[in-house]
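Working notes, beginning with the structure itself.
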Amino acid sequence: MFAHPDMHARRIEGGGTPDHVWLSWPGLHDVPLVSAGELVPPGARAVIVAPHPDDEILACGGLLQLLAAQGSELLLVAVTDGDASHPGSPLWPPERLRRVRPRESAQALAMLGMAPPAWLRLRLPDGGVAGMTPQLSALLAAQLRPGDRVLTTWRLDGHPDHEACGWACASACSASGASLVEMPVWGWHWAEPGDMRMPWHRARRLPLSAAQLQRKRAALRCFASQMQGDPSTGQPPIVAGDALQRLLHAWEVYFL
């Protein structure tokens, strides 16, 4: 199984670093700006590799709208169906999640105003991607073309599936001539302003309009399985509160 040796230092526990702490840090606002055309040049294909259904909206729901507007070809790779998000839940057993979560993704993309993209579902085990990193890399390399821009979760994001997708994409890009862009999702949870574990020298900030941010918010509401509590177990939402707010700003951050 692949696991980065320092992963224990990137724990996703508790509420994490509050959103207002990030917003009050001047360094965040000093991150250089980037455009959609710089992230995915015209004529290049964008390959979005999402560990779980909803990561593609959380990480790059704004960029997806901009790519649709510039006419970029898009391949969305769903690595897992997210069927392990509610362990022991009578309301959300794995077989129901396998049906519902991909449907939530499709509804969310429609909410962004996008036509259905080319979609590749790999159905790897949710929570077990780290044990299949070489296989995932090979599957991705077979799909990639030179010049593709591959966007996936950051290699040190803190969630094992997210990190495995990052490493697998890095290897597949190296083998195929594609370029990698990484997206922090849970890094905002365990890191703090100025945290040198974050690669700030590679960070770029993509500005979003008010309308684009509003559509991203609306798209995330499609993920009822993740955004609502589970009355059958009493568990709170999987993604809520600061975890959601940290990814709902008038910009998105990418690591080039």
Notebook entry, point to check: Quick check, is residue 162 in a helix (DSSP H, G or I), at pLDDT 95 or above and either among the hydroxyl-bearing types (Ser, Thr, Tyr) or under 16 Å from residue 11 (Cα atoms) (or both)?
Noted result: yes
Margin query: Looking at the stretch 199-219, can you tell me whether even one residue there is under 14 Å from the mean Cα position of the chain (by Cα), of a type outside the set (Ser, Thr, Tyr), surrounded by fewer than 22 Cβ atoms within 10 Å (Cβ to Cβ) and within 26 Å of residue 26 (Cβ to Cβ)?
Written below: no
Notebook entry, point to check: Which residue out of 195, 161 is on the phi < 0 side of the Ramachandran plot and free of Cβ contacts under 8 Å to residues at least 24 places away in the same chain?
Noted result: 195
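For residue 180, state whether it is free of Cβ contacts under 8 Å to residues at least 60 places away in the same chain and part of a loop (DSSP other than H, G, I, E, B).
Working: free of Cβ contacts under 8 Å to residues at least 60 places away in the same chain: yes; part of a loop (DSSP other than H, G, I, E, B): no.
Here the answer is no, as residue 180 does not meet what is asked.
Within the stretch 198-256, which residues are among the aromatic types (Phe, Trp, Tyr) and either assigned to a loop (DSSP other than H, G, I, E, B) or in contact with a strand residue (DSSP E or B) (Cβ under 8 Å, 6 or more places away or on another chain) (or both)? Reasoning before the result, please.
Going through the stretch 198-256, the residues among the aromatic types (Phe, Trp, Tyr) turn out to be 200, 223, 251, 254-255.
223, 251, 254, 255, listed by residue number.
Take residue 58 and tell me if it is within 19 Å of the chain's Cα centre (by Cα) and under 20 Å from residue 166 (Cα atoms). Break it down stepwise before answering.
Values: within 19 Å of the chain's Cα centre (by Cα): yes; under 20 Å from residue 166 (Cα atoms): yes.
Yes: the conditions hold for residue 58.
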Item checked: Residue list for the stretch 25-38, restricted to those being more than 29 Å from residue 74 (Cβ to Cβ), in contact (Cβ under 8 Å) with a residue 40 or more places away in the chain and in a loop (DSSP other than H, G, I, E, B) -> 25
Checklist line | Number of the exception - residue 41 against (1) under 17 Å from the mean Cα position of the chain (by Cα); (2) in contact (Cβ under 8 Å) with a residue 40 or more places away in the chain | finding: (1)
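The values are calculated or read from the model by the stated rules, or taken from the named source; none is laboratory data. Please read these numbers as outputs of a predicted model, since none were measured by experiment. Glycine gets a Cβ as well: all are built from the backbone with ideal geometry, and neighbour counts include every protein chain shown.
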